[in-house]
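Peer 1: Just dropping this structure here.
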Number of protein chains: 2
Amino acid sequence: MKNMLVAQSGGPSAAINATITGVIDAGLASSRVEHVYGALNGIKGVLNENFVILDDICKKTETRDLLAMTPAAALGSCRWKLKNPEEDKREFEEIIRILRKNNIGYFIYTGGNDSMDTVYKLSVYCREHGVDDIKIMGAPKTIDNDLGETDHCPGFGSAAKFIATAFTEIACDCYVYDIPSVTVVEVMGRNAGWLTASAALARNEERNVPQLIYLCERAFDTERFVKDVKEALDRENNIIIAVSEGLKDARGNYVGEEMKSGKEDAFGHKYLSGIGKYLEQVITDKIGCKVRSVELNILQRCAGYMLSETDIIESRNLGAFAAVSAIRGETGKMSALKRMPGDNYQVEIVLADLSKIANVEKTVPLEWITEDGHDITEELVDYLRPLIQGEVRIPYKDGVPEHFIL
Amino acid sequence: MKNMLVAQSGGPSAAINATITGVIDAGLASSRVEHVYGALNGIKGVLNENFVILDDICKKTETRDLLAMTPAAALGSCRWKLKNPEEDKREFEEIIRILRKNNIGYFIYTGGNDSMDTVYKLSVYCREHGVDDIKIMGAPKTIDNDLGETDHCPGFGSAAKFIATAFTEIACDCYVYDIPSVTVVEVMGRNAGWLTASAALARNEERNVPQLIYLCERAFDTERFVKDVKEALDRENNIIIAVSEGLKDARGNYVGEEMKSGKEDAFGHKYLSGIGKYLEQVITDKIGCKVRSVELNILQRCAGYMLSETDIIESRNLGAFAAVSAIRGETGKMSALKRMPGDNYQVEIVLADLSKIANVEKTVPLEWITEDGHDITEELVDYLRPLIQGEVRIPYKDGVPEHFIL
C-alpha cells in the first residue's frame with residue numbers, strides 16, 4: 001500500500017476543492033491507497049513536508065460534500081515556479097526524497113498552466129532519472145478556461161455562471177432610470193476572453209444585455225469603441241458593456257496602461273486593473289452621458305454561492321479520474337474533458353498529454369468573435385451555455401454560507 | 001371603488017419589488033380597490049401619467065412571487081426632488097389633477113429619505129389644501145438602513161447578507177497564500193455605516209474576518225489606520241478590512257478625496273468611489289506588503305440571488321400594510337418596523353410619522369463602535385444578525401436567475 005498526495009496551486013476557484021474531493025473519494029475507495037495526504041500551499045508544502053491527513057479529516061461523506069462546495073483552495077496555494085532541472089535539480093531531488101520518505105506513490109497536482117508546467121517538469125525528471133515508483137498526475141483548474149487539450153476547465157463554469165448572473169442583476173439595476181446611461185463591466189482575463197464572453201449568457205428574449213462585448217483576443221480600438229457606444233445609445237437608453245481586463249491595442253499594448261499599477265507577479269504576469277475605469281473616463285470625455293464602471297473582481301472566482309452544478313460534478317470527477325489513473329500506473333498526464341458530438345451536452349473524461357498543455361494558453365478562436373468586433377457568435381454561446389447549468393444548494397449557518405475550513 | 005397607485009423611487013434594492021408586491025396583494029384583496037396602477041419611474045411617471053395596470057399584469061400568484069424576488073425596481077425609479085410648494089406649487093397641483101383624473105384614492109410611494117420627503121410634502125400640501133379624497137402613504141426602502149422611526153429598512157437585510165457572504169468568500173480567497181496580505185473591501189455607505197458593520201456577520205468560531213472595521217460615523221485617522229494594520233499583521237498573515245465608502249477625517253472631509261470624482265447627483269450628494277484604492281495605496285507606501293482593494297459595488301444592492309428571507313417577507317408585509325392603512329383612511333404616514341423586546345427576534349408593523357422621517361439620516365450610534373475605533377460592539381452584531389436570516393430559493397432558467405421584467 002502506498003500513500004497518495006494531493007496539492008493545489010495557482011489562483012483560487014470555486015471548484016478546485018471539488019477536484020481534491022474527487023481525489024480523496026478515489027483514495028478512500030482504493031485498497032491500494034493507505035492515506036491521502038494534502039500538502040499545504042502547493043509544491044511549497046511538499047518541499048516543506050507540510051502535510052495533513054485528508055482521508056482522516058474527510059472521513060464523513062458530509063465533510064467531503066461541504067469541501068466540494070467550498071470556494072478557493074482549502075489546502076492553500078502558492079505561486080512557486082520550479083527551476084529548470086538542467087540549471088538546478090536540487091528542488092526535484094528534494095521533492096522525490098520527501099515523497100519516498102512518506103511512502104507516497106501517487107501525487108496529484110491541481111492547477112492551471114503554471115501548475116501543469118510543474119507537473120510536466122516533475123514527470124519528465126522522474127522519467128529521465130528512472131524514478132518509477134511515483135506516479136504524477138495533473139488535474140485541471142482555472143477559471144480562465146485557457147488550458148489546452150480539455151474542452152473546458154473546472155472552475156470556469158461556476159465563474160461563468162457568476163458573471164452571467166451578475167449581468168442579469170446589473171441589467172435590473174441599470175433599467176431603473178430613464179436617462180441614457182452606460183455601465184462598463186470589467187471581467188477577469190488577461191489573454192483569454194472566455195469569462196468576458198460568458199456575459200452573453202445573461203441574454204434572453206426579454207433582456208438583450210450586454211449590448212457590447214469586447215474580448216482581449218481582438219485588438220481594441222478606442223475610437224471605434226466610442227462609435228459603437230454612440231450607436232448603441234441611439235437605439236437604447238441603458239447600455240451595458242462587457243470588457244476583458246486584458247484588452248490590448250493593435251500593437252499589443254494594454255489599453256489605458258498608463259492608469260494601471262504595473263506590478264508583476266512571480267511568473268512575470270502584470271497585475272491588471274483599471275480598464276473599466278479607463279473606459280468610463282473615455283465615455284465621460286467623448287460622450288458625456290451618465291457612466292459608471294463595475295469591476296467584478298475576486299468574487300468572480302470565489303463566489304461559492306453561485307456554483308454551476310455541471311462544473312462541480314465534472315471537477316470532482318476529474319480529480320477522481322486523475323487519482324484512479326495514477327493508481328493504475330499512469331504518470332505525466334492530466335485528466336481532461338472531451339465533449340461528445342451531438343445536440344445534447346455530454347462529456348467524457350480522458351487523459352491528456354502534459355507536454356501539449358504546460359505553458360500553452362488556449363484563447364477564444366477569432367472566428368467566434370463577430371466581424372464588427374463587439375460581440376460573440378452563436379457558436380460560442382452554444383459552447384458556453386451547458387457549462388453553467390444547474391444550481392448547487394449550499395448549506396447556510398446563521399445567515400451566511402458554511403465552508404470547509406481546515 | 002377607487003384605484004390605487006404605487007411607485008418606486010431612489011436607488012435600487014433587492015427588496016423594493018417585494019414591497020410593491022405587498023401593495024398589489026393588498027389591492028387585489030380589497031373590495032374597495034378597483035385597479036392597482038404602477039407609475040413608471042417614480043413621481044416623474046405620475047407627472048407624465050405613465051401608468052401600467054399591475055393587478056392585471058400580476059394576477060397570478062407565481063407572477064407576484066417572481067416580482068417579489070426580482071432585484072432593483074421593476075417600475076423604474078427616479079431622482080426627482082419636488083420643489084418647495086411655497087416657491088412653486090405647480091407640480092403639486094399637477095399631481096393632484098392626474099390622480100383625480102385617474103380616480104386614484106390611494107397613493108403608495110416606496111423609497112428612502114428623499115422619497116419620504118416627497119411623500120411628506122405631498123401629504124402636507126393635501127392637508128393644507130383640503131384634498132381629502134387621496135390618501136398618501138410611504139413604504140420604506142433603503143439598503144443604507146438610515147431611515148428614522150423604523151427598526152430597520154427593507155432591502156438592508158439582503159444587502160447585509162450579500163456583504164457578510166462576500167466577506168466569507170473573500171476570506172476563503174485570501175487564506176490560500178501563506179504570505180502576508182491585506183485586502184481592503186469598500187462597502188457602500190456615505191454617512192451611515194450599517195452596511196459596513198454587516199461585514200462582522202461573516203465571523204464565526206473558525207473565521208475571524210474582517211479583522212478591522214471602519215465605519216463612516218467615526219473620524220478616520222490614516223496614521224492610526226496604518227498602525228492598526230501593522231499590529232494586525234503582527235498577529236496574522238491575511239488581514240481583511242471593511243471600510244465605508246464615506247470615511248471622513250476629523251475635519252469632516254472625505255478621506256482621500258483628491259482621488260475621487262467629485263461629481264454630484266440631483267440631491268447634491270457626491271458620488272463616491274475610491275476609498276479602497278486610496279487605502280491600498282497607503283498600505284503599499286507605508287507597509288509594503290501584498291495589498292489589494294475590492295469594491296463590492298452595485299451587486300450589494302441588486303444581488304437577487306442573495307436575498308434574506310426575513311427581509312423579503314418584511315418588505316412585502318410593509319407594502320401591504322401601507323396599502324391597507326391607506327384604504328382604512330390613513331394618510332401622510334409610513335409603514336415601519338418595531339422590534340419587540342426579548343431574546344427572540346420579532347417585529348410588529350406600525351405607522352410612523354413622516355415629519356420625523358423625511359430628510360433625517362439614522363446613523364450607527366457611536367456607542368456601537370468599539371473604543372479603539374476599528375470594530376463594532378456585540379450589541380450591534382445582535383441588532384444585525386436576525387436581519388440576514390433565511391434564504392430565498394429563486395428560480396433559474398437556462399443557468400441564470402429568472403426575473404420579473406415589465
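Peer 1: With just the Cα atoms defining each centre, how far is the range B:309-324 from the range A:282-355? Give it in Å.
Peer 2: Computed from Cα coordinates, the inter-centre distance equals 40 Å.
Peer 1: Ordering B:THR363, A:THR70 by accessible area with a probe of 1.4 Å, largest first, what comes out?
Peer 2: Values: B:THR363 55, A:THR70 5 Å².
So, going from the largest accessible area down, we get B:THR363, A:THR70.
Peer 1: How much accessible area per residue does the range B:159-300 have, counting only protein heavy atoms and a probe of 1.4 Å, in square angstrom?
Peer 2: Working: 5110 Å² over 142 residues.
Roughly 36 Å² per residue, with all protein chains present.
Peer 1: Now for a different question. Once amide H atoms are built 1.01 Å from N in the peptide plane, which residues 5 or more positions from A:PHE404, or in another chain, come under 5 Å H to H?
Peer 2: Close amide H contacts, sequence-distant or interchain: A:THR70.
Peer 1: List for the range A:372-406: residues with 50 Å² or greater reduction in accessible area, all protein chains versus chain alone, probe 1.4 Å?
Peer 2: SASA drop of 50 Å² or more in the range A:372-406: A:GLU391, A:ARG393, A:TYR396, A:ASP398, A:GLY399, A:VAL400, A:HIS403, A:ILE405.
Peer 1: Given a 1.4 angstrom probe, I'd like the percentage of the accessible area of chain B that is carbon and sulfur, rounded to a whole number.
Peer 2: On the way: 6900 of 15280 Å².
About 45 percent, which is the carbon plus sulfur part of the accessible surface.
Peer 1: Roughly how much of B:PHE220 is accessible, in Å² to the nearest 10, using a 1.4 Å probe?
Peer 2: For B:PHE220, solvent-accessible area is about 20 Å².
Peer 1: Give me a single rounded figure for A:67-77: the average over its residues of other chain Cβ atoms within 10 Å of their Cβ. Mind showing how you got there, number by number?
Peer 2: On the way: counts 0, 0, 0, 3, 6, 8, 5, 3, 1, 4, 5.
Mean shielding by partner chains, rounded to a whole number: 3.
Peer 1: Heads up, I need the accessible area for A:ARG393: 1.4 angstrom probe, whole protein in place, Å², nearest 10.
Peer 2: Approximately 150 Å² of A:ARG393 is accessible to the 1.4 Å probe.
Peer 1: Within 10 Å, count the other beta carbons around each residue, average over each peptide in A:34-41, A:228-235, and list them highest first.
Peer 2: Working: A:34-41: 23.0, A:228-235: 15.5.
So the order, starting with the most tightly packed, is A:34-41, A:228-235.
Peer 1: Let me check something: with ligands and nucleic acids excluded, how do A:HIS374, A:HIS129, B:HIS152 order by accessible area (1.4 Å probe), largest to smallest? It would help to have the intermediate numbers written out before the result.
Peer 2: Details: A:HIS374 35, A:HIS129 90, B:HIS152 5 Å².
Highest to lowest solvent-accessible surface, that is A:HIS129, A:HIS374, B:HIS152.
Peer 1: Could you tell me the accessible area of A:THR222 in Å² (1.4 Å probe, neighbours in place), rounded to the nearest ten?
Peer 2: We get 40 Å² for A:THR222.
Peer 1: Using the charge dipole of the protein assembly as shown (Lys, Arg: +1 at Cβ; Asp, Glu: -1 at Cβ; taken about the Cα centre), state which of A:MET1, B:GLY288, B:LEU201 has its Cα farthest towards the positive end.
Peer 2: Sorting the options by dipole projection puts first A:MET1.
Peer 1: Starting from the 7 Å offset along Cα-to-Cβ, what nm value, one decimal, do you get for the label separation of B:VAL52 and A:LYS101?
Peer 2: According to this spin-label approximation, the distance is 6.8 nm.
Peer 1: Give a residue-ordered list of calculated ³J(HN,Hα) values for the range A:139-149 (Karplus: 6.51 cos²θ - 1.76 cosθ + 1.60, θ = phi - 60°; whole Hz; x for Gly, Pro).
Peer 2: 10, x, 6, 5, 4, 6, 6, 10, 7, x, 6
Peer 1: Continuing with the same structure: Ignore the peptide's own chain and count Cβ atoms of other chains within 10 Å of each Cβ in B:298-310; give me the average, rounded. Spell out each step's value before the answer.
Peer 2: Working: counts 10, 11, 0, 2, 9, 10, 5, 9, 6, 0, 1, 1, 1.
What the average comes to for B:298-310 is 5.
Peer 1: In whole Å, what is the distance between the alpha-carbon centres of the range B:232-254 and the range A:152-215?
Peer 2: 31 Å
Peer 1: On to the next question. May I ask for the accessible area buried between chains A and B, both sides summed, probe 1.4 Å, to the nearest 100 Å²? List each step's numbers first, then the result.
Peer 2: Working: alone 17750 and 17780 Å², together 30530 Å².
Chain pair A/B: roughly 5000 Å² of buried accessible area.
Peer 1: Could you state the angle between the C-alpha long axis of helix A:275-286 and the longest principal axis of the C-alpha atoms of chain A, as a value from 0 to 90 degrees rounded to the nearest 10?
Peer 2: Once rounded, one gets 10 degrees.
Peer 1: Helix B:90-101: angle to the longest alpha-carbon principal axis of chain B, degrees 0 to 90, nearest 10?
Peer 2: With rounding to tens, the tilt is 60 degrees.
Peer 1: Explain nothing, just compute: Karplus ³J(HN,Hα) = 6.51 cos²θ - 1.76 cosθ + 1.60, θ = phi - 60°, for every residue of the range A:119-125 in order, whole Hz, x for Gly and Pro.
Peer 2: 4, 5, 4, 5, 5, 5, 4
Peer 1: Can you tell me the order of A:92-98, B:72-78 when each peptide is scored by its average per-residue count of other Cβ atoms within 10 angstrom, highest first?
Peer 2: Working: A:92-98: 16.3, B:72-78: 27.6.
Top to bottom by mean Cβ count within 10 Å: B:72-78, A:92-98.
Peer 1: Ok, one more. Helix-derived [θ] at 222 nm for chain B: sum -39500 (n - 2.57) over DSSP H runs of at least 4, divide by residue count, nearest 500? Walk me through the intermediate numbers first.
Peer 2: Values: 13 runs with 139 residues, N = 406.
Computed ellipticity for chain B at 222 nm equals -10500 deg cm²/dmol.
Peer 1: Highest mean first, what order results for A:99-107, B:309-317 on Cβ atoms within 10 Å?
Peer 2: Working: A:99-107: 19.7, B:309-317: 23.9.
So the order, starting with the most tightly packed, is B:309-317, A:99-107.
Peer 1: Mind checking which aspartates and glutamates have their C-alpha under 19 Å from A:LYS121, skipping anything on the same chain fewer than 8 residues away?
Peer 2: Those aspartates and glutamates meeting the cut-off are A:GLU86, A:GLU87, A:ASP88, A:GLU91, A:GLU93, A:GLU94, A:ASP132, A:ASP133, A:GLU149, A:GLU330, A:ASP353, A:GLU361.
Peer 1: How would B:LYS141, A:LYS2 rank on accessible area, largest to smallest, probe 1.4 Å?
Peer 2: On the way: B:LYS141 10, A:LYS2 65 Å².
Descending accessible area places them as A:LYS2, B:LYS141.
Peer 1: Same structure, new question: Which cross-chain or sequence-distant (5 or more) residues have an amide H under 5 Å from the amide H of B:PHE107, H modelled 1.01 Å from N in plane?
Peer 2: Close amide H contacts, sequence-distant or interchain: B:LEU5, B:LYS135, B:ILE136, B:MET137.
Peer 1: Continuing with the same structure: Which whole-number percent is the relative contact order of chain A (Cα, under 8 Å, 6+ apart)?
Peer 2: Working: 918 pairs, mean separation 92.9, N = 406.
So the answer I get is 23 percent.
Peer 1: State, to one decimal in nm, how far the label point of B:THR370 lies from the label point of B:LYS397, with both points 7 Å from Cα in the Cβ direction.
Peer 2: With each label point 7 Å from Cα toward Cβ, the separation is 4.8 nm.
Peer 1: Mind pulling the angle between the C-alpha long axis of helix A:156-174 and the longest principal axis of chain A? Nearest 10 degrees, somewhere in 0 to 90.
Peer 2: Helix A:156-174 sits at roughly 20 degrees to that axis.
Peer 1: Moving on. Calculate the mean, over all residues of peptide B:159-171, of how many other protein chain Cβ atoms lie within 10 angstrom of the residue's Cβ. Before the final figure, lay out the partial values.
Peer 2: On the way: counts 0, 1, 3, 2, 1, 4, 8, 7, 1, 10, 16, 7, 5.
What the average comes to for B:159-171 is 5.
Peer 1: Continuing with the same structure: Using +1 on the beta carbon of Lys and Arg, -1 on that of Asp and Glu, and nothing else charged, what's the dipole of the range A:184-223 about the Cα centre, debye to 20? Numbers along the way, then the final one.
Peer 2: Working: 4 positive and 6 negative charges, 31 e Å.
My answer is approximately 140 debye.
Peer 1: Please check which bits of the range B:354-395 a label hung off B:LYS81 would reach, taking the label as a point 7 Å along Cα-to-C-beta and the cut-off as backbone N under 13 Å.
Peer 2: Zone members listed by number: B:359-360.
Peer 1: With charges set only on the Cβ (+1 for Lys and Arg, -1 for Asp and Glu), what does the dipole of the protein assembly as shown come to about its Cα centre, in debye to the nearest 20?
Peer 2: Values: 94 positive and 124 negative charges, 54 e Å.
I would put it at about 260 debye.
Peer 1: Quick one: 3J(HN,Hα) in Hz for the range B:25-30, Karplus 6.51/-1.76/1.60 with θ = phi - 60°, rounded, Gly and Pro as x.
Peer 2: Running phi through 6.51 cos²θ - 1.76 cosθ + 1.60 with θ = phi - 60° gives 3, 5, x, 5, 7, 9 Hz.
Peer 1: Moving on. Mind listing the long-range amide H neighbours of B:ASN238? Cut-off is under 5 Å, sequence gap 5 or more, other chains count too, H placed in the peptide plane at 1.01 Å from N.
Peer 2: B:SER181
The values are calculated or read from the model by the stated rules, or taken from the named source; none is laboratory data. What you see is a predicted model; the values in this text were computed from it and never measured. No Cβ is skipped: glycine too gets one built from the backbone with ideal geometry, and neighbour counts run over all protein chains shown. Accessible surface is based on the protein model in full, side chains and every heavy atom, while ligands, DNA and RNA are left aside. Shrake-Rupley method; radii C 1.70, N 1.55, O 1.52, S 1.80 Å.
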